[in-house]
Amino acid sequence: MRTTTSSFSLPESMVNNAREILMFRIKGKKEESVMENRVEKVAAEAEGLYRSGKMHCAEAVLTAVMRNFIPAAEEEMVRLAAGFGGGSGAGCICGAVVGGTMAFGLIFAADRARVKRLTKELHRWFREEYGATCCKIILKTHRKICYELTGKVAGRVTEMVLSEKI
């Protein structure tokens, strides 16, 4: 059986294959769009929590990611991040990175190797973006960036988690 398109004919199987490829691409774009929307939502939520003054960077990242991936988790878990804001109070490791690492641990609790790999990947990405993972160094080179940085880390963690689940 042949299908006529314009001035030439294509075998039905080719037309069906072309349809399948097109539908696959459309589905992929929709999934990509859904992922982008979720990443943006989590990033905005984390930044908003931090800007509100109710949470610092580690708490905000952990809360936003947790709410979006394990909503049944107790909000009390966020208290675990209390000491990590402002580079653990000493200016060392960025609290947003710590919050992301804690989120990996909650989401992938049964797979320590995965958590370790994702944590290394997050640190590598963060260093590429900001030049260091040390809060003191970041603040010297990127003044007043903590709100934005908190959102970006939450968004990156979300991308990483969604990529793992696919």
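Since every read-out is calculated from the coordinates, none of them should be taken as a lab result. Since the structure is predicted, the reported quantities are computational estimates derived from the model, not experimental observations. Neighbour counts run over all protein chains shown; Cβ positions are idealised from the backbone, glycine included.
At q = 0.24 Å⁻¹, what is the base-10 log of I(q)/I(0) for segment 98-151 according to the Debye formula with one equal point scatterer per Cα and no solvent? Please give it to two decimals.
-0.92
Under the Karplus relation 6.51 cos²θ - 1.76 cosθ + 1.60, θ = phi - 60°, what is the ordered set of whole-Hz ³J(HN,Hα) values for segment 59-68, x standing for Gly and Pro?
Once rounded to whole Hz, the list reads 5, 5, 5, 4, 4, 4, 5, 4, 4, 8.
How far apart, in nanometres, would the label points at Ala73 and Arg124 be if each is projected 7 angstrom from Cα along the Cα-to-Cβ direction?
2.4 nm
What order do you get for Arg114, Arg38 when you list them from fewest to most C-beta neighbours inside 10 Å?
Neighbour counts put them in this order, fewest first: Arg114, Arg38.
For Ile93, enumerate residues with amide H under 5 Å from its amide H, sequence gap 5+ or separate chain, H modeled in the peptide plane.
Cys135
Ordered by residue, what ³J(HN,Hα) values in Hz, to whole numbers, does segment 41-53 give under the Karplus form 6.51 cos²θ - 1.76 cosθ + 1.60, where θ = phi - 60° and Gly and Pro are x?
Ordered by residue, 3J(HN,Hα) equals 4, 5, 4, 5, 5, 4, 4, x, 4, 5, 4, 5, x Hz.
As a footprinting exposure proxy, order Cys134, Cys57 by other Cβ within 10 Å, with the fewest listed first.
Fewest to most other Cβ atoms nearby, the residues stand as Cys134, Cys57.
For segment 71-86, in order, what is each residue's ³J(HN,Hα) by Karplus, 6.51 cos²θ - 1.76 cosθ + 1.60 with θ = phi - 60°, in whole Hz (x at glycine and Pro)?
x, 7, 5, 6, 4, 4, 4, 4, 4, 4, 8, 3, x, 9, x, x
When Thr141, Thr150, Thr101 are ordered from fewest to most other Cβ atoms inside 10 Å of their Cβ, what list results?
Thr141, Thr101, Thr150
Cα-Cα over 26 Å: which of Lys116/Lys152; Lys120/Lys140; Lys116/Lys136; Lys54/Lys152; Lys54/Lys120; Lys54/Lys136?
Pairs exceeding 26 Å: Lys54/Lys120.
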